[in-house]
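Asker: Got a structure for you, written out below as structure tokens; questions coming shortly.
A short reminder: the numbers here are calculations on the coordinates, not readings from a lab. What you see is a predicted model, and the numbers here were worked out from it, not measured in a lab. A quick note on method: Cβ atoms are made from the backbone with ideal geometry, for glycine too, and the neighbour counts reach across all protein chains shown.
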Amino acid sequence: SLGENAPWFYSGKKIEGKEENSVGISPIPPLVWNTERAKFFFQIDDDDKRLFSECFNMKIYFRLVSEEKFHSPYNEDFDFESLLSQLKFESVEGEDGIEACYFPEYNLDGKLVSNFFSIRTSDGELIWFKERKDIEEANSSPWEVPYMEYKKNYRLPGYEFRTNNVGFRDKDVVIPKPDGVFRIVAIGGSTTEEGPTTDETYPNILEVLLNEKYGDICRIEVINAGIPGITLNKIWIRLPDYLMLQPDLVILSEGVNDITHILFPLWLSNLPHLKRFVSMSDLVISFFPLYFLPPDEVINKDMDEIMFAYLHKISNYLAKKSIPLILTDLPYPNFDIMDFGERAYFQYVTRKWWGGRLVDYRMYKKLVETYNEFLRDWSRKQNLQLVSLSEFYQKQSPSIFNDLCHLKVGGIRLKAEIIRDFIERENLVSCRR
């Protein structure tokens, strides 16, 4: 649904007067876009291949060059050889030895499917497609895949919200990257994407700030690649999409969605019988909220397996591509300086958005502090750059936050300034004439 329950509630104010209907740059052709994803698919392990299929909600069948048969959960008796012989493959521009084909709609064995794609590479052959969508629902939604991928060139009627030619909330992106451009891609969830207007998101503010310093020698582009609700495992699966933007530097800021949409539900749905019984008491919930969290060793183990396993994959993959990575920790309001009314407000929005009566802002604080400490230790061991946003925001008034993680315009600008200072101090911009 649209409105306050939409993920862009803080990301797009209403438009007064006439709306802009310009289309802008054409999207990257689906054949090229899917080819990059397919090349990535052949490189990941079997567990991530299954994750890839689940995240994109696609039926996927493939065989490696060493295999005779397709992996085919859809229909073991389906004649893939006959299907492939009927398809008209074409060479993919810029990809030597790769042939592929793409159909927005395709009649597969008497069943109409969408986004049908097939490819032949030196690694093997692959077929994927999506089940037929309800057309009316698909047209009214901004999502290509909910909380994973926006449609390209989408306009939200009545709001200052649009996606660009590559499906992110930003200006259109020129690919191939023009000469003299240093391109930064900011990856994350709604805390990356957020802002009343496109110009008031932290990536766009950061772009302006960096061009004030470096604009005489090169042009800095900072692409807002934030997707509301996305988690680290989905960021890993979408990595080929981000790399298609040809970044010189990547900023990754995520963890909130993993905590609130994966860990909270995991733990609260598996409460021991005693805790489940005690949870019926509002008094216990109010005064002892941390009682409902699992032991610290379980928290650390789950964060390691659910969050840091994918951070490790992302950082390693970028390192192999020689693309520098900046991580940020998670800022949160300083609860120690809140008055009663502020605490009541943050408690209300926490329970409204993130899981009901058992979820408490003090739980969130403990988990974010645990994650931030874990991230500091992990990034130091991995020799990765880390911006400690939380250190700065703990000195700020809670009033710059909309809720436990989303920021008002002043807080968004502060984030851009902190990251700007870090980039300049570490000399991470390399301009070539």
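Asker: To the nearest 20 Debye, how big is the dipole of the chain about its Cα centre, given +1 on the beta carbon of each Lys and Arg and -1 on that of each Asp and Glu? Mind dumping the intermediate values first?
Answerer: Values: 52 positive and 67 negative charges, 168 e Å.
Approximately 800 debye in magnitude.
Asker: Hey, another quick one. Report the residue, chosen from 263, 206, 108, that carries the largest GNM mean-square fluctuation when the chain is represented by alpha-carbon nodes joined by springs under 10 Å.
Answerer: 108
Asker: If you don't mind, another one. Assuming 0.36 nm per residue, please report the length gained on full extension of the stretch residue 31 to residue 174 beyond their Cα-Cα distance.
Answerer: Numbers: separation 143, 0.36 × 143 = 51.48 nm, distance 1.75 nm.
The span from residue 31 to residue 174 would gain 49.7 nm if fully extended.
Asker: Picking from 416, 280, 399, whose Cα lies most toward the positive end of the charge dipole for the chain (charges on Cβ: Lys, Arg +1; Asp, Glu -1)?
Answerer: Going by the charge dipole, the pick is 399.
Asker: Continuing with this model, one more query. Given Cβ point charges of +1 (Lys, Arg) and -1 (Asp, Glu) and nothing else, what value in debye, to the nearest 20, does the dipole of segment 299-348 about its Cα centre take?
Answerer: 460 debye
Asker: Pop out the ³J(HN,Hα) list for segment 406-412 in order, Karplus 6.51 cos²θ - 1.76 cosθ + 1.60 with θ = phi - 60°, rounded to Hz; leave Gly and Pro as x.
Answerer: 7, 10, 7, 4, x, x, 5
Asker: Can you sort 128, 353 from fewest to most other Cβ atoms within 10 Å of each residue's own Cβ?
Answerer: Neighbour counts put them in this order, fewest first: 353, 128.
Asker: In the Gaussian network model of the chain, springs joining C-alpha atoms below 10 Å, which of 234, 313, 151 carries the largest mean-square fluctuation?
Answerer: 313
Asker: Among rounded, prolate and oblate, which fits segment 30-131 when a ≥ b ≥ c are the square roots of the eigenvalues of its C-alpha gyration tensor, a/c under 1.5 means rounded, and a/b larger than b/c means prolate? All intermediate terms of the calculation are to be shown ahead of the outcome.
Answerer: Numbers: a/c = 1.23, a/b = 1.07, b/c = 1.15.
Note, shape of segment 30-131 comes out rounded.
Asker: What trypsin sites (Lys or Arg not before Pro) does segment 320-393 have in DSSP loop regions with at most 14 other beta carbons within 10 Å?
Answerer: Here the trypsin sites (Lys or Arg not before Pro) that fit, given the DSSP loop and packing criteria, are 321, 357.
Asker: Specify the angular offset, from 0 to 90 degrees and rounded to the nearest 10, of the alpha carbon long axis of helix 46-56 from the longest principal axis of the alpha carbons in the chain.
Answerer: 80 degrees
Asker: If you don't mind, there's one more thing I want to ask. Once you charge only the Cβ atoms, +1 for Lys and Arg and -1 for Asp and Glu, what is the size of the charge dipole of segment 30-131 about its Cα centre, to the nearest 20 debye?
Answerer: On the way: 11 positive and 22 negative charges, 56 e Å.
For segment 30-131, the charge dipole is close to 260 debye.
Asker: Here's another thing I want to ask about it. Would you be so kind as to identify which of 353, 322, 98 lies farthest towards the positive end of the dipole of the chain, taking Lys and Arg as +1 and Asp and Glu as -1 on Cβ and the Cα centre as origin?
Answerer: About the Cα centre, the residue reaching furthest to the positive side is 353.
Asker: Name the most mobile residue of 229, 188, 180, meaning the one with the largest mean-square fluctuation, in a Gaussian network model of the chain with Cα contacts below 10 Å.
Answerer: Of 229, 188, 180, the most mobile in the Gaussian network model is 180.
Asker: What does the net charge come to around residue 27 if you take all other residues with beta carbon closer than 10 Å to its beta carbon, with K and R at +1 and D and E at -1?
Answerer: +1
Asker: Hey, fewest Cβ within 10 Å first, where do 92, 368 land in order?
Answerer: 368, 92
Asker: Sorted from fewest to most neighbouring beta carbons within 10 Å, what does the list 399, 269 look like?
Answerer: Least to most surrounded, the residues fall as 269, 399.
Asker: Which label belongs to the value computed from this structure, given these candidates for semi-axes √(5λ) of the Cα gyration tensor in Å: (1) 96, 29, 25; (2) 33, 28, 19; (3) 37, 28, 22?
Answerer: (3)
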